[in-house]
1. Suppose the chain between Lys33 and Asn131 were pulled fully straight at 0.36 nm per residue; how much longer would it get relative to their current alpha carbon spacing?
2. As a test, work out the antiparallel percent of DSSP beta bridges whose residues both lie in the chain, rounded to the nearest 5.
3. Please give, to one decimal in nm, the separation of the simple spin-label points placed at Leu118 and Ser22, each 7 Å out from Cα toward the Cβ.
4. Less than 15 Å Cβ to Cβ from Arg26, Lys/Arg counted +1 and Asp/Glu -1: what total charge do the surrounding residues give?
5. For Ser40 and Thr69, calculate 0.36 nm times their separation in residues minus their Cα-Cα distance, and state this gained length in nm to one decimal.
6. Over the Cα atoms of the stretch 29-142, Rg to Rh with Kirkwood Rh, two decimal places?
7. What list of ³J(HN,Hα) values in whole Hz, one per residue of the stretch 68-85 in order, does the Karplus curve 6.51 cos²θ - 1.76 cosθ + 1.60 (θ = phi - 60°) give from phi, with Gly and Pro shown as x?
8. Please state the relative contact order of the chain as a whole percent: Cα pairs under 8 Å, 6+ residues apart?
Amino acid sequence: MKTFLAALLFANTVLLTHHPVSFKGRIELVAEKPLRALSSGADIEIGLPLASTSGKGRGLLAEWNAIKTSFPAGTIVGYLVDEDGKTITLTYRGHSSISNNDVRLLLDNKSGIPTDKLFSKIIIESEMQLNDINIYWRDYKK
């Protein structure tokens, strides 16, 4: 409960793309300011237009099923590159969030993100075509 309230009150989301991008394969982004995880639960989110999944208008469960079918777990991987060139891998494991405007695919690291590193580059690799997406860094203070 404490973690939930902290996330709710102190959430920080940074848009990493200035405009929607489309790609299949690999995209590299350089952060305007280095990113630092305030908590180990930080993640990368891939924001898709709601229309890109086929469950729209059929209810929440149908939407989640459409997302899992359209975007299978393990097909999107992200890398945070620190100042020394070392990488932390974040994987899309089938987790997503849905709002009225978009669907966000969540890329995370099971062990958590180190809070003592600065990350200057973000790399996303996708096995499928991603159209008109936004890429976000999400974190919260404890």
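Computed from the coordinates by the stated procedures, all read-outs in this text should not be read as laboratory data. Since we're looking at a predicted model, the values are computed, not measured. Ideal geometry is used to build each Cβ from the backbone, glycine not excepted, and the neighbour counts take in all protein chains shown.
1. Difference between extended and current length: 32.7 nm.
2. On the way: 42 of 42 bridges.
Within the chain, antiparallel bridges account for around 100 percent of the total.
3. That separation, rounded to one decimal, is 3.7 nm.
4. Details: positive: Lys24, Lys121; negative: Glu28, Glu125, Glu127.
Once all neighbours under 15 Å are counted, the net charge is -1.
5. Numbers: separation 29, 0.36 × 29 = 10.44 nm, distance 2.87 nm.
Fully extending the segment from Ser40 to Thr69 adds 7.6 nm.
6. Working: Rg = 14.5 Å, Rh = 14.6 Å.
Rg divided by Rh gives 0.99.
7. Each residue of the stretch 68-85 in turn: 5, 6, 6, 10, x, 3, x, 8, 10, 10, x, 10, 9, 10, 8, 5, 8, x Hz.
8. Numbers: 314 pairs, mean separation 65.1, N = 142.
This gives 46 percent for the chain.
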